[in-house]
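Only the coordinates and a few stated rules stand behind these numbers; no lab work does. All of these numbers come straight from a predicted model, not from anything done at the bench. No Cβ is skipped: glycine too gets one built from the backbone with ideal geometry, and neighbour counts run over all protein chains shown.
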Amino acid sequence: MSEPTLGVIALGNALVDVISHSTEEFITEQKETHGMEKGAMTLIDEARAVELYSLMGPGVETSGGSAGNTMAGFASFGGKGALIAKVAEDQLGEVFQHDIRSLGLQFDTQPLAMGSATGRCLILVTPDADRTMNTFLGASSELSPDDIDPNLIASAQITYLEGYLFDREQAKQAFVTAAMAAHNAGHRVALTLSDPFCVDRHRHDFLGLVENHVDILFANEDEIKSLFMQDNFDDAKNAVSKNVEIAVLTRGEKGAVIVSDGKEISVAAEPVDKIVDTTGAGDQFAAGFLYGFTESMDLEKCAKLGALAAAEVISHIGPRPEVKLADLLQKAA
């Protein structure tokens, strides 16, 4: 086993998020005309991204992507990490690279010189604080096994894989390449399922990845039920316990359940005065849990950090923390 110098290396989509408030009526209208699914992520092309952007109200623009958001939270806790993700050689790509590096994270992926523009995610937040995402993957979907440096992977305790990236065959290959490099170095692999519709599209491949390459699985209630085609959460929870070392299952206001070694740990959701925007809640839960895990905390404390980070991010617009998450460590203790 090589001695790791980083806590987490994440593979994910490099996206610039545009977040705007929306009415329920607008979501319904867009569902009828373009198949937009409330509370889910819909893949769109560049022309549709331009059209939808013109229809959105005033928005907040920030570097995003699920894995990028998790790594932003991980760094805010004080963790050392890196991100592997693909941007284009354009203005948004430069912004994304600058934002990630400014957090103290390593980002060395070669940008795409020709072809697609840097990806973006148009996020509509309804009055119930739910978020509906419309994603133009752009250059991010061009991530391939060629972008995986086994020596870099071997330098991290955990290699974290973003399920949203799984929509392209070469990204699936990149996941397996990274997972094998991590395990060859004696380190763990974590996967977040990201979205139930994503799981529906790739269930067979996701199951193969989970069974053969994943040690730590992050999923919310809908995602884990989709993966194992169960209507009941308890049945899905029992199924996953046979496949991974640790399953981290989030349930919104019901908190989270950690399943490991035949045991279950339940952690309550951290109360907030007002839920403003649930974008990034799962990403930040993962950030807190991963930070605790890389610092050798017990699983309950890891989950407590996740709950605290999720509570912080749902109390404001945007998927990344607005406070230094390291300040929450004392509260978790």
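Data overview
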read-out: Relative contact order [Cα under 8 Å, 6+ residues apart], segment 24-164, whole percent; value: 29
read-out: Estimated inter-spin distance, Asp231 and Asp146, nm [label 7 Å along Cα→Cβ]; value: 4.9
read-out: Where labels lie 7 Å past Cα in the beta-carbon direction, separation of Glu300 and Glu24 in nm; value: 4.0
read-out: Percentage relative contact order, the chain, counting C-alpha pairs under 8 Å, at least six apart; value: 19
read-out: Peptide ranges 288-299, 69-80, 140-151 listed from the most packed, as the mean C-beta count within 10 angstrom indicates; value: 69-80, 288-299, 140-151
read-out: Flagged links, alpha-carbon separation over 30 Å, of Lys38/Lys301; Lys80/Lys331; Lys86/Lys242; Lys31/Lys80; Lys38/Lys225; value: Lys38/Lys301; Lys86/Lys242; Lys31/Lys80
read-out: Highest-first arrangement of 306-318, 103-115, where packing means the average Cβ count within 10 Å; value: 306-318, 103-115
read-out: Zone of Asn212's modelled label, taken as backbone nitrogen in segment 133-176 under 13 Å from a point 7 Å along Cα→Cβ; value: 172-176
read-out: Separation in nanometres of the label points that stand 7 Å from Cα toward Cβ, at Arg48 and Ala113; value: 3.2
read-out: Antiparallel content of DSSP bridges confined to the chain, in %, to 5; value: 40
read-out: Computed E for His204/Asp261 - FRET, C-beta separation, R0 25 angstrom, nearest 0.05; value: 0.35
read-out: Choice from Ser260, Ser116, Ser54 showing the highest fluctuation, given a GNM over the chain with Cα pairs closer than 10 Å; value: Ser54
read-out: Förster radius 25 Å - calculated FRET efficiency between Gln170 and Arg101, Cβ distance, rounded to 0.05; value: 0.50
read-out: Ranking of Val189, Val8, Val95, Val240 by count of other Cβ atoms within 10 Å, fewest first; value: Val95, Val240, Val189, Val8
read-out: Farthest toward positive dipole pole in the chain [+1 Lys/Arg, -1 Asp/Glu at C-beta], among Gln30, Tyr160, Thr278; value: Tyr160
